[in-house]
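Engineer: Take this structure first; my questions come after.
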Amino acid sequence: MSQPVLVAQNLTKTYGNNVIFRNISLSVNERDTIVIVGPSGTGKSTLLRCLNLLTKADSGKIWLDGVEITDPTCCSEDECRQRIGMVFQNFLLFNHLTALDNVMIGLTKVKKMPKEQARRKAVEELERVGLVDRAGHYPGQLSGGQQQRVAIARALAMEPRVMLFDEPTSALDPELIGEVLAVMKQLAREGMTMLVVTHEMGFAREVANRMIFMEKGQILEEGTPDDLFERPKYERTRQFLWKIAELHGRKAPEENG
Amino acid sequence: MAEWFYFFYTALPAFLNGALVTLELTAVGVLAGFVLGLASALGRVYGGRWLRWLAIGYIELFRGTPLLVQLFLVYYGLPGLGLTLDRMPSAFIALALNSGAYQAEYLRGSILAIGEGQMMAGRAIGLSRWQTIRYIILPQALRLAIPAWSNEPVSLLKSTAVAFLIAVPDLMTRAKALAVQTYDPIGAYIAVAVIYLAMVYVLDAFLKLLEERARIPGYSVEGKKA
Ligand SMILES: Nc1ncnc2c1ncn2[C@@H]1O[C@H](COP(=O)(O)OP(=O)(O)OP(=O)(O)O)[C@@H](O)[C@H]1O
Ligand SMILES: [Mg+2]
């Protein structure tokens, strides 16, 4: 079995009296593509935000490459965060910067890379998502699919150990979903470690080596996509998966590559 | 009418000197006010409890009291505390403090309008909180603020006329002097109104240009495609 990259143990998160999830543990190994599914409001986004320390979990520990990042004495949060890439449902590109500058800014301001070197690196990352020809465009001048690919390039530029995707295609028009999934599939093939919250069941079955079904703040069931689709332990899992497969998975346009 | 133009012509040098002082008061008030306003807006949005209350206190105090009272307190009140200031510095300080409170509210509104998402995205690539404010939030918030904020320099330009009441030699003071000298208050005040109007017009044009220049391609306030 390959190295664990990101490990969470007994994470609990509450907002006031509202328990979002309790004692969640998971381990993401090198080259894994793990898909998390679950009903709305289950805490999937909150879990991803806890994993890269954007939100503080109430209790529990998180390790990145064997180092406990929830231990305040180990390293600065900002340092940890740049090694965990994150892609959001609504892209969240920096609106005042061109695509190129969106990708460059982390390199120049966080990694303190010289401008020229950062520019070359940013161009490479835009190439990787097929958008070099849009380098000079502002987010408002790009389609949703293109914005999301720039957002992926922005995260990749930091050379993260693991990429977290929070429903990266659910804000997109159906005809734009394919181009983003294609980029993610290519990343998986290149061996990027990924944790993906998505309802794209076609993607899950094709790419994921593990699937997690989350409900009401708990991991109800996990296993390979085939396990969960064909031999689920709980009737609830089967129902949910086939329902969203019908809603999302089947209609997704086939993309090349 | 011809008489009035003659009057205007002979008084022009005095008016121009006054106009320069008025512009100086406006420029210092707007610029120093901007620094104060930006600091208080940031303090109010991102500061801890104490900083937030300090900012709120300052903003509410100076928006809630007349500029004239503030000016008098600086000019006549500070000497009582052992700090005597000349007319110009007193006017600068009162105008800056007053304008800062208004500018803080414009800036705060636009910082809040940028939203949590941009902060989260900035933090997610490893920028610190302060770096995200500096490189991500402010560049957008300042642009967003321009249309509403543009009221402030224009409004302050006219408000500088209160400096007349501590005898700063601004446009208003010159008008008053000429009105007395020439026994023609109507002519003097119409002339001064025309000059204020011209200055406001030029300032407005400049601010429009600034707004145009700062526009982000493809991005408008509502986040729609332009
Ligand atoms: N900042 C917050 N303060 C209070 N409650 C919050 C906050 N953020 C999220 N919640 C609550 O936490 C719960 C889980 O939200 P979360 O966004 O993580 O769910 P999700 O599984 O990602 O749902 P979706 O599929 O709709 O994205 C929700 O009930 C939400 O109302
Ligand atoms: Mg969510």
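The values are calculated or read from the model by the stated rules, or taken from the named source; none is laboratory data. In this text, all values refer to a predicted model and were calculated from it rather than measured experimentally. Cβ atoms come from the backbone with ideal geometry, glycine included; neighbour counts cover every protein chain shown. Areas reflect the complete protein model, heavy atoms only, side chains present, ligands, DNA and RNA absent. Shrake-Rupley method; radii C 1.70, N 1.55, O 1.52, S 1.80 Å.
Engineer: Work out the FRET efficiency for B:TYR76 and A:ASN10 from their Cβ-Cβ distance, taking R0 = 51 Å, and round it to the nearest 0.05.
Structural biologist: Numbers: r = 66 Å, r/R0 = 1.30.
About 0.15, to the nearest 0.05.
Engineer: Taking a point 7 angstrom from the Cα of B:ILE56 along the C-beta vector, which residues in the stretch B:21-41 have backbone N less than 17 Å away?
Structural biologist: Correct set: B:40-41.
Engineer: If you find the alpha carbon centre of the stretch A:68-86 and of the stretch A:99-144, how far apart are they in angstrom?
Structural biologist: Cα centroid to Cα centroid, the span is 24 Å.
Engineer: With a ≥ b ≥ c taken as the square roots of the eigenvalues of the C-alpha gyration tensor of the stretch A:175-217, please select rounded if a/c is under 1.5 and otherwise prolate if a/b is larger than b/c or oblate if it is not?
Structural biologist: Working: a/c = 2.23, a/b = 1.38, b/c = 1.62.
It comes out oblate by the Cα gyration axes.
Engineer: For the protein assembly as shown, take the alpha-carbon Rg, divide it by the Kirkwood Rh, and send me Rg/Rh.
Structural biologist: Checking Rg against Rh, the ratio lands at 1.14.
Engineer: With a cut-off of at most 10 other beta carbons within 10 Å, and DSSP calling the residue loop, which GluC sites (Glu not before Pro) in the stretch A:97-131 qualify? Please list them. Mind dumping the intermediate values first?
Structural biologist: Numbers: sites: A:GLU116, A:GLU124, A:GLU125, A:GLU127; in loops: none.
Sites meeting the loop and neighbour criteria: none at all.
Engineer: Report the antiparallel proportion of the DSSP beta bridges in the protein assembly as shown as a percent, rounded to a multiple of 5.
Structural biologist: Working: 20 of 36 bridges.
That works out to approximately 55 percent antiparallel.
Engineer: Compute for chain A: radius of gyration divided by Kirkwood radius, i.e. Rg/Rh, restricted to C-alpha atoms, rounded to two decimals.
Structural biologist: On the way: Rg = 18.0 Å, Rh = 18.7 Å.
A ratio of 0.96.
Engineer: Counting other Cβ atoms within 10 Å, keep those with at most 13, restrict to DSSP loop, and tell me which trypsin sites (Lys or Arg not before Pro) in the stretch A:1-76 are left.
Structural biologist: Values: sites: A:LYS13, A:ARG22, A:ARG31, A:LYS44, A:ARG49, A:LYS56, A:LYS61; in loops: A:ARG31, A:LYS56.
Passing both the DSSP loop test and the Cβ count: A:LYS56.
Engineer: Moving on to the next point. Quick check: net charge around A:VAL67, other residues with Cβ under 14 Å of its Cβ, Lys/Arg +1 and Asp/Glu -1? If you can, show how the numbers build up before the last one.
Structural biologist: Details: positive: A:LYS61, A:ARG81, A:ARG83, A:ARG161; negative: A:ASP65, A:GLU68, A:ASP71, A:GLU77, A:GLU79.
Taking every other residue near A:VAL67 into account, the sum is -1.
Engineer: Okay, moving on. Considering Cα pairs under 8 angstrom that are at least six residues apart, work out the relative contact order of chain A and quote it in whole percent. Don't jump to the answer; show the numbers that get you there.
Structural biologist: Numbers: 487 pairs, mean separation 62.4, N = 257.
Once divided by the residue count of chain A, the mean separation gives 24 percent.
Engineer: Okay, next question. Once every DSSP H run of n ≥ 4 in chain B is given -39500 (n - 2.57) and the sum is divided by its residues, what mean residue ellipticity at 222 nm do you get, rounded to the nearest 500 deg cm²/dmol? Don't skip to the answer; put the middle values down first.
Structural biologist: On the way: 10 runs with 170 residues, N = 226.
Value at 222 nm, helices only: -25000 deg cm²/dmol.
Engineer: Now for a separate question. Between A:ASN23 and A:GLU159, what length comes free when the chain is fully extended (0.36 nm per residue of separation minus the Cα-Cα distance, one decimal in nm)? Mind dumping the intermediate values first?
Structural biologist: Numbers: separation 136, 0.36 × 136 = 48.96 nm, distance 2.97 nm.
Stretched fully, the A:ASN23-A:GLU159 segment lengthens by 46.0 nm.
Engineer: May I ask for the Rg/Rh ratio of the stretch A:4-142, computed from Cα atoms with Rh as the Kirkwood radius, given to two decimals?
Structural biologist: Working: Rg = 17.4 Å, Rh = 17.1 Å.
Here Rg/Rh amounts to 1.02.
Engineer: How large is the accessible surface per residue of the stretch B:2-214, computed with a 1.4 Å probe and reported in Å² as a whole number? Could the numbers behind the result be given before it?
Structural biologist: Working: 10830 Å² over 213 residues.
Value returned for the stretch B:2-214: 51 Å² of accessible area per residue.
Engineer: Here is a further query. Give me the extension gain from A:GLU230 to A:SER40: residue separation times 0.36 nm, minus the current Cα-Cα distance, reported in nm with one decimal.
Structural biologist: Extending this stretch completely gives an extra 66.1 nm.
Engineer: Next question, about the same structure. Using only Cα positions of the stretch A:108-210, each an equal point scatterer, no hydration layer, compute I(q)/I(0) via Debye at q = 0.10, 0.15, 0.24, 0.25 Å⁻¹ and quote the log10 values to two decimals.
Structural biologist: One equal scatterer on each Cα of the stretch A:108-210 leads to -0.29, -0.64, -1.42, -1.49.
Engineer: If you line up the Cα atoms of the stretch B:2-214 on their principal axes, what length do they span on each, largest first, in Å?
Structural biologist: Computed over the stretch B:2-214, the largest-to-smallest principal extents equal 69, 45, 21 Å.
Engineer: Give me the number: length gained by fully extending B:ILE190 to B:PHE206, i.e. 0.36 nm times residue separation minus the C-alpha to C-alpha distance, one decimal in nm. Could you put the intermediate results ahead of the total?
Structural biologist: Working: separation 16, 0.36 × 16 = 5.76 nm, distance 2.44 nm.
Net length gain for the segment: 3.3 nm.
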